[in-house]
């Protein structure tokens with residue numbers, strides 16, 4: 001791998017926030033809309049800019065919300081970055097945050113996450129914080145709205161009890177009561193048991209104007225003919241229905257991401273042509289059925305290669321298993337072994353790996369750390385996954401995940417080379433969002 005000749009310990013000057021305050025006028029957070037008119041240029045100089053797998057020293061011009069390729073254009077402002085290492089802003093491609101609760105916005109901002117994909121939410125929750133997401137520094141968000149599943153299927157188990165005010169500890173005792181409730185049907189989840197149901201509900205699903213659709217595949221090959229409360233939370237769509245959702249969605253230009261539980265579910269998701277797969281099989285390894293065969297979770301090599309050939313993105317969510325058991329437990333050790341085997345096959349198949357947190361209140365850093373702990377990814381690999389693959393997986397139609405001319409000028413200035421040390425991804429001293437330079441955000445007192 002090519003390295004820059006700059007020492008990796010370079011830091012931005014302590015006075016950078018003050019320099020930016022001088023360089024940017026008081027109204028800088030109100031950026032004029034991009035138009036055909038010539039916009040004032042801000043020139044960012046003296047930095048190392050990510051280009052592919054290397055950093056190149058130099059500068060970039062920004063006009064409005066985008067990088068420009070006219071290096072001769074006169075600059076209205078000039079900002080010396082003091083040898084910063086500049087990378088595209090990060091993403092979280094699999095979360096359920098930002099659903100009526102804006103509390104994680106500050107954490108995303110500290111973390112450098114500018115692009116978020118919410119894979120199941122309520123449209124009402126989306127609307128509730130829509131105005132907050134318009135503020136400078138808030139992430140750009142793609143919403144799935146309600147997840148598409150079978151009657152009694154996941155994600156009803158995650159949403160209905162909360163709407164009823166039922167604590168997790170009461171799930172088993174109050175299961176029949178939860179099954180009978182429908183407070184969030186048609187909002188956080190849609191029950192679609194056959195193609196007739198899909199035809200009946202399709203216009204309502206689209207009426208919420210989702211940015212992406214989320215389908216649920218849970219042991220789909222064993223899908224019951226008549227879903228019952230005994231299946232509560234443990235089933236998803238029947239294979240034929242899942243295939244028809246993908247066909248209809250793609251005809252409307254909508255992407256589809258699939259929740260999977262087993263290796264068979266993963267293969268089905270590839271077969272029906274989804275755009276992204278949420279989870280590695282066994283993300284909650286044997287936490288429901290302790291006797292489930294290990295082989296049920298292993299992706300075969302042919303499927304891994306088909307995934308890569310179809311350019312289907314995967315968010316492994318390897319960090320989730322530690323929410324079910326202690327990291328030093330036998331269960332987690334066995335789960336980590338399965339994760340390594342599956343990831344090795346996906347990497348060999350050329351599959352793009354994206355970062356996704358998938359846990360209420362958490363952001364993406366836990367997943368980055370968990371992937372690093374497997375010993376399979378270098379800091380450079382994780383930099384690419386977080387700053388290039390993930391933003392592009394969330395917004396494939398936008399010029400994101402790159403610092404090239406014409407791309408969105410949403411980037412981070414790091415104090416050291418992130419290819420050398422993973423923690424450099426946390427050492428953010430400059431945040432620019434669509435051409436707007438934001439003030440440095442101090443980490444909370446209890447940050448690790």
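Tabulated data for the structure shown
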quantity: Residues of region 295-327 satisfying the condition of being in contact with a strand residue (DSSP E or B) (Cβ under 7 Å, 6 or more places away or on another chain), over 13 Å from residue 339 (Cβ atoms) and assigned to a loop (DSSP other than H, G, I, E, B); calculated: 312
quantity: Among (1) in contact with a helix residue (DSSP H, G or I) (Cβ under 8 Å, 6 or more places away or on another chain); (2) modelled with pLDDT under 95, the one test that residue 288 misses; calculated: (1)
quantity: From the options 260, 212, residue that is buried (at least 16 other Cβ atoms within 10 Å of the Cβ) and in contact with a helix residue (DSSP H, G or I) (Cβ under 6 Å, 6 or more places away or on another chain); calculated: 260
quantity: Residue match in region 277-294 (condition: part of a helix (DSSP H, G or I), in contact (Cβ under 8 Å) with a residue 12 or more places away in the chain and buried (at least 16 other Cβ atoms within 10 Å of the Cβ)); calculated: no
quantity: Breaking point among (1) within 20 Å of residue 155 (Cβ to Cβ); (2) modelled with pLDDT of 95 or more, for residue 295; calculated: (1)
quantity: Cross-chain or 6+ apart pairs with Cβ under 6 Å, region 424-442 first and in the same structural domain as residue 39 (by TED's automatic domain parsing) and surrounded by 17 or more Cβ atoms within 10 Å (Cβ to Cβ), then assigned to a strand (DSSP E or B) and at pLDDT below 95; calculated: 431/438
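The values are calculated or read from the model by the stated rules, or taken from the named source; none is laboratory data. Bear in mind the structure is a predicted one, so any value in this text is a computation, not a measurement. Every residue, glycine as well, gets a Cβ built from its backbone with ideal geometry; the counts of neighbours run over all protein chains shown.
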